Amino acid sequence: MKFTIYQSSRQGPREYNQDRIAYSYSKDALLAVVADGMGGHRHGEVAAQMAVGMLTEAFQRMALPILANPFKFLGDHIRQIHDAIESHAILNNLPENPRTTLVAAVVQHDELYCAHVGDSRLYHIRDGRVIFSTEDHSKVQMLYRKGMIRKEEMLTHPERNKVYNCVGGEVLPQVDLATKKPLRDGDVLMLCTDGLWSLVSSEEIGEILNNGAVTDTVPVLMELAESRLDQHGDNMSVIACNWGGLPGMLQVSTATMPMDLTTTIMGSFAGEDGSARLDDVPDLSDEEIEGAIAEIQAAIKKIPK
């Protein structure tokens, strides 16, 4: 495999950052995951951290060098994350479960497998045009699908931030598995939270990300989104990837990577942009952080290999 990949998260005007992002790859498979802890519920950052932690650790165990069934992997493990969050809430006597949206992608053998819950999105871009994006599990998307509001009303609707499907909620999440899609060299994939996509159009995303390596184009896209932020803006997080070997780009090549090795890069939340670390989050004690990490490990051990 050859690809160029870049991830970034910016806090925006929020008091702290509840987004979590990570990617992991083996010799023949790549996983990317973006989780947006739901700010209306306490400890959303814990739910998001458990999501990226459990998925990447399971990938490290099972992608040696590929996943036997990527869709089963995504569906099973997202439901395991939901169970682990519920256990965390019970063990810590939380008044409600922490919750998160999630979008995850697996690429192997030049094929894209995608799963999402909530309104974090994946975009598949080819020749500057978005040829596929996930459909939000949101109130406004449902109203638009039923013909009750126009597309231009969706971004200003008073209930635009409401999602009806999440990981960690009162009911088991509906994991939306997109149809498997072939990738070509030069395609771009982007996974992001609603804090980014709500401020830029699909046309702008396609045009900007078509202009070179994601290491250069994603910062441009995020600067454009930040220029449109107001005091009600959200955290913005993104992972983007140029697929295939393209001239002039700094690339990851797994050609000489051992069959039984994986590499995981977790998103940083302690940068010069002022984004928050997990231990900066109000209401979260050191004991709760350690407890959440222990629950991730325990839940992973219960997942069948």
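Brief remarks follow.
- The HN-Hα couplings worked out from phi for region 253-265 by the Karplus form 6.51 cos²θ - 1.76 cosθ + 1.60 (θ = phi - 60°) are 10, 9, 4, 9, 6, x, 5, 9, 10, 10, 10, 10, 10 Hz, whole numbers, x standing for Gly and Pro.
- Summed residue charge, Cβ within 9 Å of residue 167's Cβ, Lys/Arg positive, Asp/Glu negative: +2
- Formal net charge of residues neighbouring residue 4 (Cβ-Cβ distance under 14 Å; K, R +1; D, E -1): -2
- Kirkwood hydrodynamic radius over Cα pairs of region 19-146, then Stokes diffusion coefficient at 4 °C and 1.567 mPa s, in µm²/s: 84
- Using θ = phi - 60° and Karplus 6.51 cos²θ - 1.76 cosθ + 1.60, couplings along region 162-170 (whole Hz; Gly, Pro as x): 8, 10, 9, 9, 8, 8, x, x, 6
- Phi to ³J(HN,Hα) by Karplus 6.51 cos²θ - 1.76 cosθ + 1.60 over region 24-31, Hz, x for Gly, Pro: 9, 8, 10, 4, 10, 8, 10, 10
- Backbone amide hydrogens, once placed in the peptide plane, bring residue 162 within less than 5 Å of 139, 140, excluding anything fewer than 5 places away on its chain.
None of the figures in this text is laboratory data; all of them are computed from the coordinates on show. Just so you know, these numbers come straight off a predicted model, no measurement behind them. Glycine also receives a Cβ, built like all others from the backbone with ideal geometry; neighbour counts cover every protein chain displayed.
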